[in-house]
Every structure is written in structure tokens, then in C-alpha cells.
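Every read-out reported here was derived from the displayed coordinates using simple, explicitly stated rules and does not represent laboratory data. Note that this is a predicted model, so its numbers are computed, not measured. With ideal geometry, Cβ positions are generated from the backbone for all residues, glycine too; neighbour counts draw on all protein chains shown.
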Amino acid sequence: MAELLTLDNLLTLAMLIFLQAVLGFDNLLYISIESKRVPEDKQGFVRKIGIGLAIVLRIVLLFVVVHAIDAFQEPFAAPHIGSLFSAEFNVHSLIVLAGGVFIIYTAFKEIFHMLSIEQLEADVDQGPKRSVGVAIAWIVVMNLVFSFDSILSAIALTDVFAVMAIAIIVSGVMMMVLADKVSDFLQKNRMYEVLGLFILLLVGIMLLSEGGHLAHIHFGGYVVEPMAKSTFYFVLVVLVIVDVAQGRYQKKLLIERRREMGAEVEPGPGSAG
């Protein structure tokens, strides 16, 4: 306990909690969107149980990775097709790639569902629902996919298991609170659901680029480079600005259209009363 309370460990703990918060935004968005697939009265329960189970499994994963990190990074397959394609797959890269593919699939499916003709007169939340168990399972699985970055970053910063475990628990509790707030915001501001899904799509692309980099994938002689977090947040800000500007412009057009319609129905001078 005395070792844990050293200044160096406390500073590292604060840094890890901050890092978990920064890296956890994409995970937070996925949890909020996924929980909306279950009945409304179960959504808060799904978020809390899903994140709670994920915290426990993150600590288990942390323990496994600490003791078997070489096994996660050791290539086990190296397909090669001339200069067209080459790669060196390891467990870490496959997990990240699979997570990216699933998130892109989820984002596209939800976007097409929202824009489908059959749903124009129906509420978005009236679409296909998932059972509570399935939703919790997906939240746990994707939480583990997102946790690899933070766990590997934690291992790089400290070798004290207690510091890493506490950071995971604290960040998990923060995620429980913030997931409810993000979900409530999306529920009250339905116009931002499309924006959220496109951000989720961007998250999937980021995971694909990271997984491709971890697997040393080459296409036609070009290496797959990971999308930097700074690039991700820059594009995110641009998407938000475009969405806000477009929303205000649509309101302006709506006001102008109402004024034009009002001018058309207004009786002219000399009209019969």
C-alpha cells in the first residue's frame, strides 16, 4: 500500500485516468448507441451492467496481457501475394481489425435503417430491438476491443498492477455516468443521431487503420498507417461544425419559406373582404 501511495505512482494514476477518459470517447459513443437497441426502460440497466462486467473483464485482460504480452504481439500468420498484399497477423491486430469491421457494419446498418423509406413515418427507436442479454454481451465484447489501447498504454507507463487496475475501475465508473448523459442527450436531440452514427463509422475506420498497421499490412506496395488520435478528433470537430452549420442553414431556409408562403396568402390591395 505504501508503494502505491508514492508521488510517482499517484501521478501515473492521474495520467492513466486522463488517458482512459480520452481514449474512451469512441467506446462511450458505441455504448450509448447500442443501449438504444433495447426497450427504453431497460437502457440504463444495460449500460450499467455492460460497463460493470467490462470493468471486471478489463482487469482480467490486463492480468493476462501483463503476463502474456509477447503472445499477443507474436505473428502467427504471414500471408503474401507478390507485391499486391502482405501482412503479419497477430492476436492483437486481429482483435482490433474485427472490432473495426463490426463497428463499420453496425454504423452502416443503423444509417440505412434510419434512411429507409419504410421508416420515414416511424420512430427510429421502433426498429428491430435486441434482447438485454445480447446488448450487454456486445457492449462487453466491444469494450474489450477498445480497451487494448488503454491497457497497452498503461503497461508502457507503469509496471504496478494496482495502479493500472485502479485506473480501469475509476475510468469505468466515469463511463457509467457519462454513458447515461450521452444517451439522454441523443434521446432529447434526435437530430444528432445521424452525426453520432457517422462518428461511429469514423471510429471503425480508425480501428481498421490501427489493426492494419499492427498487422503490417501492405496493399500494392503501400503500407497501412494508423489514424492518429489527433486526426480523429480533428475530423470529429469538423463533422460537428458542419452539422451545426447545416442545421442552422436549414432553419433559415424554413423561416424564409414560411415568409414566402405568408406573402402568397396575404390579400392584395382592393381585394374583396
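Neighbours of Leu253, meaning other residues whose beta-carbon lies under 15 angstrom from its beta-carbon, give a summed charge of +4 when Lys and Arg score +1 and Asp and Glu score -1. 3J(HN,Hα) along the range 161-166, derived from phi through the Karplus expression 6.51 cos²θ - 1.76 cosθ + 1.60 where θ = phi - 60°, amounts to 4, 4, 5, 5, 5, 5 Hz, with x in place of Gly and Pro.
The order of the peptides 226-236, 75-85, 44-54 by mean Cβ neighbours within 10 Å, most packed first, is 44-54, 226-236, 75-85.
Separation of the range 182-259 and the range 36-96, taken as the distance between their Cα centroids, equals 23 angstrom.
Where the convex hull is taken over the Cα atoms of the range 48-104, what is its projected area averaged over directions, in nm²?
Dividing the Cα hull surface by four gives the mean projection, 5.3 nm².
What are the lysines whose alpha-carbon lies under 17 Å from the alpha-carbon of Lys109, with same-chain residues fewer than 8 places away excluded? Filter leaves Lys36, Lys129. With 32 Å as the limit, the listed pairs Lys188/Lys229; Lys48/Lys251; Lys42/Lys251 have Lys48/Lys251; Lys42/Lys251 beyond it between alpha carbons.
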